[in-house]
Amino acid sequence: MSMAADPQPLESVSAPETPQSFEQRLLAAQSAAREDLETAWSMRVARAEEVLREGVRAQAAAILESKLAAVAAEHAAQLAAATAAASRQARGTLTASLNECVRRLRAAERHEEWSSALYDAASAFAPRVAVFSLHGRFLHADRAPFAAPLPELALADSPAFQAACASGEPVVALFGEQELSSALVQSFGTPAGPRAHLFPLTSAGRAVGVLYAEGGRDDCDTNALELLAALAGSVWESRRNEPGANGSGPQLVTLQAQSPQKAVPDVQVHTWTQVPAEDRDHHLRAQRFARVRVAEMRLYKSALVLEGRRTRSLYSLLQEEIDRGRGEYRDQFLNSCKSMVDYFHGELVKTLANDAEELLGEGYPGPLI
C-alpha cells in the first residue's frame, strides 16, 4: 500500500518583515503623527492669537480712549485759559478806551474837543459814525465822514433823528431818504451798513445832540455806543453844573441854541422842586409816555404830519392817534396823580406843531387840564 502525500496548509505563512519595510512603515506613522501634531498646534496658536488679538484690541481701545480724553481735557483747559485771557484783554482794551474817552471829554474846554473825543471813541465800535449837535430845531454835523457837504439839517426833515431827540431813547432806522432825509443820505454816500443807529446825547433831560452809527450786527457794537452816548451826556451835564459854567472859567459852548422861532413856555405850571417827592417818578413816566407816543406819530405818520403843518390841520389828519394818546394819558397819569400836568399836549405842540400850536387846527380840543 502506498503512503499518501502530506496535506498542504490552508493559509500560507507570511514572509518575515524586512527591516527596510518596517522602517518605511515607521516613517509613515511618524509623518502622520507629526502632521496631526502640527494641525493641533496650529489650531491652538490660532485660538490663542484670536484671544490675544481681542484682548489687545480692547486694551488698545481703552488706552486710546484714555489718551483722547486726556488730550480733550488738556485742549479744553488750554481753550478756557485762552478764552479767559482774551476776555481779560478785551475787557482791558474796552475799559482803557472808555477811560481815555472820559478823560478827553472831561478835559474838553471847547465843543469841538468834546465832539472829537466822542467821535474817536465811537469809531472803534462801528464802521462809520458821526456826531451831531442840536441847535433849536436844527442839526449840525460836528464830526462826520461825509462824501459831500451837508448844510444845516432841519430836525423836522429827518423822522429818525426827531424820534431819538424826542424820546431820549436809541432809535434804529433803515438807511434811506424816508427816515434820514435825502440831504443826509446824499452827504453820507454809500452806506457802511443797512441800518442806522441813533443814540441821543441828553443833558438835563433834554437832547443836545445825537451819536450816529452805521453797521450790521457783527460790526456795530450798539451796547458800547449807547454807553459812550450816556458817558458823553453825563460829562456834559457835569460840566454844565460846574462853577465856571456861568462865565467864571473855561466852559463848553452851549449845544442847545435858542430856536429862531418864538419860544413857547413849557406846559408845566410849576417848577420841579414844587412837585411832591412821591409824585416825581410818576411825572417822569408821564413825560416819557408823551415823548414816545408823539415821536411815534412823527416817525410813522410823517407824510400826514408834513401835510398837517402845511394846511394847519394836524389834529384832523391825526385825530385817531391823538385821541387815543390823550385817552391813555388821561387814564394812566392825570386820573391817578393830583399834581400831574398835561405833558402830552406839550409834546404835541413842540414835536408835531414845531412850537406853533395853531398848526394843530381849529378842531383840536386843547389841553386835557
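Each value in this text was obtained by applying a stated rule to the coordinates, not by laboratory testing. This one's a predicted model, so the numbers in the text were calculated from it and none came from an experiment. Because the Cβ atoms are built from the backbone with ideal geometry, glycine has one as well, and the counts that use them run over all protein chains shown.
Once backbone amide H atoms are built at 1.01 Å from N, Phe138 has Leu155 as its partners under 5 Å, excluding neighbours fewer than 5 places away on the same chain.
Multiplying the residue separation of Leu27 and Glu362 by 0.36 nm and removing their Cα-Cα distance gives an extension gain of 107.0 nm.
Cβ-Cβ distance of Arg217 and Ala124, R₀ of 22 Å, FRET efficiency by 1/(1 + (r/R0)^6): the value works out to about 0.85. From the largest down, the stretch 111-246 spans 45, 31, 26 angstrom on the principal axes of its Cα atoms.
What is the extension gain from Ile63 to Ala154, computed as 0.36 nm multiplied by their sequence separation minus the C-alpha to C-alpha distance, in nm to one decimal?
In short, 25.3 nm is gained.
With no solvent and one point per C-alpha, what does the Debye sum give as log10 I(q)/I(0) for the stretch 292-347 at q = 0.16, 0.21, 0.28 Å⁻¹? Debye intensities relative to I(0), on a log10 scale: -0.51, -0.79, -1.13.
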